[in-house]
1. Regarding Gln178, is this residue at pLDDT 90 or above and either surrounded by 14 or more Cβ atoms within 10 Å (Cβ to Cβ) or over 19 Å from the mean Cα position of the chain (by Cα) (or both)?
2. Among the residues of segment 32-58, write down those that are polar (S, T, N, Q) and assigned to a helix (DSSP H, G or I).
3. Just for segment 181-227: of the residues that are over 30 Å from Ser136 (Cα atoms) and either at pLDDT 90 or above or aromatic (Phe, Trp, Tyr) (or both), which one is farthest from the chain's Cα centre (by Cα)?
4. How about segment 27-57: which of its residues are open to solvent by 30 Å² or more (accessible area, probe 1.4 Å) and among the charged types (D, E, K, R)?
5. Would you be able to tell me the number of residues in segment 156-173 that are surrounded by fewer than 20 Cβ atoms within 10 Å (Cβ to Cβ) and not in a loop (DSSP other than H, G, I, E, B)?
6. How many residues does segment 97-150 hold that are open to solvent by 10 Å² or more (accessible area, probe 1.4 Å), part of a helix (DSSP H, G or I), among the charged types (D, E, K, R) and modelled with pLDDT under 95?
Amino acid sequence: MDSSLSIQASIPNDIALKIASSLQVVDLCSLGSCSRFWWALCGSDNIWESLCKKRWPALALEIESSSYNNQPHEEWRVFYIRKHNEMAGKAGGVIDFVNRCLAFESIEVGHYLKAVRDLDSILFGFEDVHTFFLKSKHNVLLNLIGLHYCLIWLGLPGECVMEILNDCNISQRQVRVQWWKLGRWLFGFRLRDELITRTVSLEDLATGKEEEVLGVLHRGAVHEVIRVQISAAKPAYSSWSLQNVQDTN
């Protein structure tokens, strides 16, 4: 007997569909390559429609509108692949922009916030951010942009984002944020501008331990803050390394 027929005979269709519906896209595609039975089941329009709406919630209103439903549309699997490729191209544009701004290893807050707003303008969902920005292969500032977008623009709880940061092994990555505040007026004289420097981890920002820094990043250069620069934190020399340098001299 054909293996696909034996599987189909042993597993009710509703159970098989439930199994397939619980999988992530990569696992779903792998399962679909196992047999003709699973290939047909994993290509179900219902499964891919659910995946599309889950990944891009902003599309739900458009999809459910009468103007959309009254028109013939492509299969949901085809739509998912096309949309994924479209998002990959747009993410690449944001990443290229940020990398160009990092010519001197730091980025001005105006450019940083533009990158965050760009993610909102192209309707990035959480899975898009995870796929294209929260990766260890990227500069930590790209990780930070993705984290900022998730926390502030998508309004996701820190615990949810922390799970992804830990899975991607980037939660302990650090950034250095510097901002200049206008000097206070005292007895008719303005004091020197104040420079504040903070080194924080992505975990600190996700868990709310550094709300002040996240607030400065989100507001940018406004009011008393006249400039904000963000860069990757450089590892400090340990006391052991410093002692070795002194000994060699």
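The values are calculated or read from the model by the stated rules, or taken from the named source; none is laboratory data. A quick note: this is a predicted structure, and the numbers were derived from the prediction, not measured. FYI the Cβ positions are ideal-geometry reconstructions off the backbone, even for glycines, and counts take in every protein chain you see. Accessible surface is based on the protein model in full, side chains and every heavy atom, while ligands, DNA and RNA are left aside. Shrake-Rupley method; radii C 1.70, N 1.55, O 1.52, S 1.80 Å.
1. On the way: at pLDDT 90 or above: yes; either surrounded by 14 or more Cβ atoms within 10 Å (Cβ to Cβ) or over 19 Å from the mean Cα position of the chain (by Cα) (or both): yes.
Considered against the rule, which asks whether it is at pLDDT 90 or above and either surrounded by 14 or more Cβ atoms within 10 Å (Cβ to Cβ) or over 19 Å from the mean Cα position of the chain (by Cα) (or both), Gln178 comes out as yes.
2. Of the residues in segment 32-58, the ones polar (S, T, N, Q) are 33, 35, 44, 46, 50.
Answer for segment 32-58, where residues must be polar (S, T, N, Q) and assigned to a helix (DSSP H, G or I): Asn46, Ser50.
3. The qualifying residue farthest from the chain's Cα centre (by Cα) is Phe187.
4. Across segment 27-57, the qualifying residues are Asp27, Arg36, Asp45, Glu49, Lys53, Lys54.
5. Going through segment 156-173 one residue at a time, the tally reaches 7.
6. Final tally of qualifying residues: 3.
Residue-by-condition table, conditions (1) farther than 22 Å from Lys54 by Cα; (2) without any contact (Cβ under 8 Å) to a residue 12 or more places away in the chain:
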site	(1), (2)
Ile107	yes, no
Val116	no, no
Ser121	no, yes
Leu142	yes, no
Tyr149	no, no
Pro157	no, yes
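One line per residue, one yes/no per condition, for (1) over 23 Å from the mean Cα position of the chain (by Cα); (2) modelled with pLDDT of 85 or more; (3) within 30 Å of Leu154 (Cα to Cα):
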| site | (1), (2), (3) |
| --- | --- |
| Ser4 | yes, no, no |
| Pro12 | yes, no, no |
| Ser35 | yes, no, no |
| Trp48 | no, yes, yes |
| Leu51 | no, yes, yes |
| Pro57 | no, no, yes |
